[in-house]
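For reference, the structure discussed in these notes is given below.
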Amino acid sequence: MIELIQVPFSHYCAKVKIVLKEKGLPYQSRPVPGGWMDKPEYLAINPLGRIPFLVDGDIGLGESQVINEYLEERYPQPALMPPSPAERAQVRWLCNLHDLYAAPQILRIFMGLASGRDNTEFAADWQAVLAALDLLEAQAKAPWLVGDGFTLADCAWILSWMHANALAGMLGAQWNAAARYPNLVAWYQRALARSSVSAVVDEARQALAAR
């Protein structure tokens, strides 16, 4: 059985779990050995000290996008990449937009606020998140981020959209998602109707509530 070392409220882990559930792949979820990513027990498994980490037989993989591309190629049905080269490139672009220009910023804000730092320290990161969401809003023209099918791009952005909404309140930011991001609001509601998404979102919410 596939094993996934993960933290339930991590947006990087969520994108992999949604893919696993969309493909109907049974997996065993494991907490991070040693309790956190910088502990020797986990570094012995993944020297980069990043989550998630997936084990599938003899294969061990880190980096969420690498994992998702592996799962798509190893278990191609149901497909989470569109058939045309242009749309496949668009999916990869949106995944990179998430992983490079929104997810790290969201993580820095979340961890910084959790450690008691002042919310004014995160203005640049928050503006970067908004800029990435502005680009995503222009793409989210229904039903899904790239064409008519649910893809790896949709999987990537689910939990980060949830986190962005929560962080706006924590930062005291002026935030009217329905006005600025109407396409994304509608997209998220459609996504929540999928059992794969609702299960992962519920798990993240419960983990955050328990902190």
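What follows draws every value from the coordinates through simple rules; no lab data is involved. Since the model is a prediction, treat every value here as computed from it, not as a measurement. Counting neighbours? That spans all protein chains shown, and the Cβs are built from the backbone with ideal geometry, glycine included.
Fully extended, how many nm does the chain gain between A79 and L107 (0.36 nm per residue separation, minus their Cα-Cα distance)? Numbers along the way, then the final one.
Values: separation 28, 0.36 × 28 = 10.08 nm, distance 2.91 nm.
Contour length minus the Cα-Cα distance gives 7.2 nm.
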* Asked: So for the chain, Kirkwood radius off the Cα pairs, Stokes-Einstein at 25 °C and 0.890 mPa s: how many µm² s⁻¹?
  -> 139 µm²/s
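Given the peptides 189-198, 95-104, arrange them by the average over their residues of other C-beta atoms within 10 Å, most packed first. Walk me through the intermediate numbers first.
On the way: 189-198: 15.0, 95-104: 19.0.
Most protected by this proxy first, the peptides run 95-104, 189-198.
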* To do: Please report how far the C-alpha centroid of the range 56-113 lies from that of the range 134-181, rounded to the nearest whole angstrom.
  => 16 Å
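As an exercise, use a Förster radius of 22 Å and the Cβ-Cβ distance of D134 and N96 to find the FRET efficiency, rounded to the nearest 0.05. Working shown, then result.
Details: r = 16 Å, r/R0 = 0.73.
In this case the efficiency is close to 0.85.
Calculated FRET efficiency, E3 and Q189, Cβ-Cβ r, R0 45 Å, to nearest 0.05?
Details: r = 32 Å, r/R0 = 0.71.
Computed FRET efficiency for E3 and Q189: 0.90.
One quarter of the convex hull surface, Cα atoms only: what value does that give for the range 45-122 in nm²? Don't jump to the answer; show the numbers that get you there.
Numbers: hull surface 29.0 nm².
Reported value for the Cα convex hull: 7.3 nm².
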* Asked: What's the FRET efficiency of N165 with D58 using the Cβ-Cβ distance as r and R₀ = 35 Å, to the nearest 0.05?
  -> 0.30
* Sorted by packing (mean other beta-carbon atoms within 10 Å per residue), highest first, where do 179-186, 81-88, 125-132 land? -> 125-132, 179-186, 81-88
